[in-house]
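The structure under discussion appears below in the form of C-alpha cells.
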Amino acid sequence: MNVRLTADQKIQVLNAHDVYSVMQQILLRQNKIRRAQEHFWVVGLSTDNTILFIELIAIGAQNRVNVNPPDVFRMGIYKLAVKMIMVHNHPSGNLRISNGDKDFADRLLKVGKLINIDVVDNMIITESGFTSFEDKGIMEQLRKNGLYKVVDRESEAMKALELEFEKKRADKAGRMDIARKMKADGVDMDTIKKYTGLYVRDIKKA
C-alpha cells in the first residue's frame, strides 16, 4: 500500500535520522492496536537521495512480519528508484538487531543487485528511536561478506518482474506520445483519455 506523503516529507535524505523523522510520523499515524504489530516498509530514493515513495509492504504479528523479495522491489522497479531503504518496526521497543534481521537484510541486498537497485540501509524503528544497519557498519559487512545466495527461482522471479514493468513502461510511453500528438491537434481531454486509457494527470504531463 502506497503511503501518502506530504510535500514536507518528500525530502532529500542525508542520513538515517532524516529517514526516521519521516518514518516516525508514519508509524504514529497508526492507531495503538496497529502499532502493536510489526510493519515492513520500503523507502524509494532517486539518485540525489530524494524520497520518491514509501510503500507499506506487509503488517505482521507482534514480533514478526513476512515479506517476499518481489513484493519488496515491485514499487522500486515501477517508480524507477535507484536506491531503497528497508524499514520495519519493533512494537516491543527493543532496537536490538537479531541474526534474522541480518540474514534478511543480506538477502534483500543480493536480490537488489540483480535488478540494479542499491539497498543502502535497513532500519529498525520504534515510536521513540531507531537503529540503522548502515550507521553500525552492518551493510558494509554484508556487501563484503554476506552469506546469502540468490537461488535460481528467486532470480528468475525478479527478472520476470522487471521485464513485466519494462513492458508496461514502454506501452505507457507509446500512449503518452499519442496523447502529445492529440493535444497538439487540439483534441479535448476526455477524448484523449478515452482513446489512450491514460489518467488525466498523465495527459497533462504529456
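So A157 fits all but one of (1) exposed (fewer than 11 other Cβ atoms within 10 Å of the Cβ); (2) in contact with a helix residue (DSSP H, G or I) (Cβ under 8 Å, 6 or more places away or on another chain); (3) at pLDDT below 75; what number is the exception?
For A157, the failing item is (1).
Quick check on I117: is it in the same structural domain as T47 (by TED's automatic domain parsing), within 29 Å of E156 (Cβ to Cβ), surrounded by 20 or more Cβ atoms within 10 Å (Cβ to Cβ) and of a type outside the set (G, A, S)?
yes
Kindly provide the set of residues from region 15-51 that are among the basic types (K, R), under 18 Å from N2 (Cα atoms) and either surrounded by fewer than 12 Cβ atoms within 10 Å (Cβ to Cβ) or touching a Lys or Arg at 6+ places or on another chain (Cβ under 6 Å) (or both), ordered by number.
If the condition is that a residue be among the basic types (K, R), under 18 Å from N2 (Cα atoms) and either surrounded by fewer than 12 Cβ atoms within 10 Å (Cβ to Cβ) or touching a Lys or Arg at 6+ places or on another chain (Cβ under 6 Å) (or both), then R29 is the only one that fits.
Do the conditions hold for I115, that is, is it under 18 Å from the mean Cα position of the chain (by Cα) and closer than 16 Å to E38 by Cα?
Taking the combined requirement at face value, the residue does not satisfy it.
Looking at region 163-175 only, could you name the residues that are modelled with pLDDT of 70 or more and buried (at least 16 other Cβ atoms within 10 Å of the Cβ)?
Answer for region 163-175, where residues must be modelled with pLDDT of 70 or more and buried (at least 16 other Cβ atoms within 10 Å of the Cβ): just R175.
Going by the conditions given, is D48 among the acidic types (D, E), at pLDDT below 90 and out of contact with any helix residue (DSSP H, G or I) (no Cβ under 9 Å at 6 or more places or on another chain)?
no
Kindly list, by first and then second residue, each pair from a residue in region 45-57 that is of a type in the set (S, T, N, Q) to a residue that is part of a strand (DSSP E or B) and surrounded by fewer than 18 Cβ atoms within 10 Å (Cβ to Cβ), limited to pairs with Cβ atoms under 8 Å and residues at least 6 apart or on different chains.
N49/Q12; T50/Q12
Restricting attention to region 75-89, which residues are in contact (Cβ under 8 Å) with a residue 40 or more places away in the chain and surrounded by fewer than 19 Cβ atoms within 10 Å (Cβ to Cβ)?
Y78
The values are calculated or read from the model by the stated rules, or taken from the named source; none is laboratory data. Model, not experiment: these values are computed from the prediction. As a convention, Cβ positions derive from the backbone with ideal geometry for all residues, glycine included, and neighbour counts pool all protein chains shown.
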